[in-house]
């Protein structure tokens, strides 16, 4: 996700200083870098989360090297950094690799969405 897409789908911080999420579903934003080892560990976990919660939660990835302005917006100090974006509340930020169970808990607690039954 680049700056233009972020402003279209997440938040246009140039038009408003007050947080206002533009998405249709809650979202998880992964701030990463290609050279980051822990980011590579997180990638398959996040892919599984995106698949499990498809249609319920949107998952975006932002390359911190290519998008320093977005990293600064969320005060990203280390990577991976995950931003959990509920529909009507301020985002919650978590640093480091989370296990799948932590994603399930965060999605339940922050978004009010239970893990879908697998078929």
For residue 65 and residue 3 in the same chain, what is the full-extension length gain: residue separation times 0.36 nm, less their Cα-Cα distance, in nm? 21.1 nm
Could you tell me the center-to-center distance, by alpha carbons, between region 44-86 and region 89-118 in angstrom? 12
Nearest-5 percent of antiparallel DSSP beta bridges in the chain? 60
For a protection proxy built on the mean count of beta-carbon atoms within 10 angstrom, sort 16-28, 50-62, 75-87 highest first, please. 75-87, 50-62, 16-28
Percent relative contact order of the chain, based on C-alpha pairs within less than 8 angstrom and at least six residues apart? 30
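Averaging sequence separations of C-alpha pairs under 8 Å and six or more residues apart, then dividing by the length of region 1-67, give the relative contact order as a whole percent. Provide the component values of the computation, followed by the final result.
Values: 63 pairs, mean separation 28.1, N = 67.
About 42 percent, as a whole number.
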Would you work out the relative contact order for region 51-117, in percent, from Cα pairs under 8 angstrom that are 6 or more residues apart? 28
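Read-outs throughout are calculated quantities, based only on the coordinates presented, and are distinct from any laboratory measurement. A quick note: this is a predicted structure, and the numbers were derived from the prediction, not measured. Here Cβ is always computed from backbone atoms with ideal geometry, including for glycine, and neighbour counts include all displayed protein chains.
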